[in-house]
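The values are calculated or read from the model by the stated rules, or taken from the named source; none is laboratory data. Everything quoted here is computed from the prediction, not taken from an experiment. Note that we place each Cβ from the backbone using ideal geometry, even for glycine, and neighbour counts take in every protein chain shown. Just so you know, the surface numbers come from the protein's heavy atoms only, side chains and all, with ligands and any DNA or RNA stripped out. Shrake-Rupley method; radii C 1.70, N 1.55, O 1.52, S 1.80 Å.
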Amino acid sequence: NAGVTQTPKFRVLKTGQSMTLLCAQDMNHEYMYWYRQDPGMGLRLIHYSVGEGTTAKGEVPDGYNVSRLKKQNFLLGLESAAPSQTSVYFCASSYRVVGKNIQYFGAGTRLSVL
Amino acid sequence: GENVEQHPSTLSVQEGDSAVIKCTYSDSASNYFPWYKQELGKGPQLIIDIRSNVGEKKDQRIAVTLNKTAKHFSLHITETQPEDSAVYFCAAKGIDDMRFGAGTRLTVKP
């Protein structure tokens, strides 16, 4: 039982390049999330999904796209990377439980855009 | 939407002392308040949570208190140990998504 697995762990991009971050969970969770973490700003939600085939915008969605074709996978895409997207990206997943939202996080992807 | 403020941003204590981290939230509809611990190079991990119908919850050396009227909640760690050193995040969940505080870096000096 691996939990939430993110690939890759590190990546360096040039401005304008594109890439996809992959998140996989083996806990059969309905909900999945993508966050970015910047110094002094905590975790900010980029996009999330409440089930296979559905996605929704979070707090900071601009410049990112997501897809949830399979329940266990949630992909985050950067079509044209910008230096402002240099950050650490975390994926999380959770069960659908009324009144709670226990999120399980991956180990993160450190992205640098030059 | 929800806005969560967390204080202090850094906290240094001697081993064995207590540590308190405080958060305030803006949305009175928020009803779930978790605390996460993030160790270096790892993702955040839930350490304790509280629902809005409860005022206090304890789990061994950690406790969380909630004041719904004042819209603030706090994390209390007693008898701190060096392995408690980490970044701690509070969060609040309302009708929509969950919002996180900016984090507190706790250092426990041996």
Among B:VAL4, B:GLY101, B:GLN60 - extreme Cα towards positive end, dipole of chain B, charges at beta-carbon: B:VAL4
Using only protein heavy atoms and a 1.4 Å probe, report how much of B:MET98 is accessible, in Å² to the nearest 10. 10 Å²
When each of A:LYS9/B:LYS37; A:LYS57/B:LYS68; B:LYS71/B:LYS93; A:LYS57/B:LYS42; B:LYS37/B:LYS58; A:LYS70/B:LYS93 is checked by Cα-Cα distance, pairs over 22 Å: A:LYS57/B:LYS68; A:LYS57/B:LYS42; A:LYS70/B:LYS93
Of the residues A:TYR35, A:TYR48, A:TYR104, which exhibits the maximal mean-square fluctuation in a Gaussian network model of chain A defined by a 10 Å Cα contact cut-off? A:TYR104
Please calculate the 1.4 Å probe accessible area of A:PHE105, with all protein chains present, and give it to the nearest 10 Å². 30 Å²
The long-range amide H neighbours of A:GLU30, using H built 1.01 Å from N in the peptide plane and a cut-off of under 5 Å, are A:SER94, A:ARG96
Does the protein assembly as shown come out rounded, prolate or oblate by the C-alpha gyration tensor, with a ≥ b ≥ c the root eigenvalues, rounded set by a/c under 1.5 and, if not, prolate when a/b is larger than b/c and oblate if not? prolate
Taking Lys and Arg as +1 and Asp and Glu as -1, residues besides A:THR109 with C-beta under 11 Å from its C-beta add up to +4
Sum of side-chain charges, B:ARG51 neighbourhood, beta-carbon under 11 Å (Lys, Arg +1; Asp, Glu -1): +3
For A:VAL12, the accessible surface traced by a 1.4 Å probe with all protein chains present amounts, in square angstrom to the nearest 10, to 90 Å²
Summing +1 for each Lys or Arg and -1 for each Asp or Glu, what net charge is found among the other residues whose Cβ lies under 15 Å from the Cβ of B:PRO82? -2
Averaged over its residues, how many other protein chain Cβ atoms are within 10 Å of peptide A:36-43's Cβ atoms? 5
Run the dipole for chain B about the Cα centre, Lys and Arg Cβ at +1, Asp and Glu Cβ at -1, nothing else charged, and hand back the magnitude in debye, nearest 20. 140 debye
Might you report the magnitude of the Cβ-based charge dipole of the protein assembly as shown about its Cα centre, with Lys and Arg at +1 and Asp and Glu at -1, to the nearest 20 debye? 280 debye
Shielding by partners for B:36-46, please: the mean number of other protein chain Cβ atoms within 10 Å of each residue's Cβ. 5
If you average the sequence gap of Cα pairs under 8 Å that are 6 or more apart and divide by the length of chain B, what percent do you get for the contact order? 38 percent
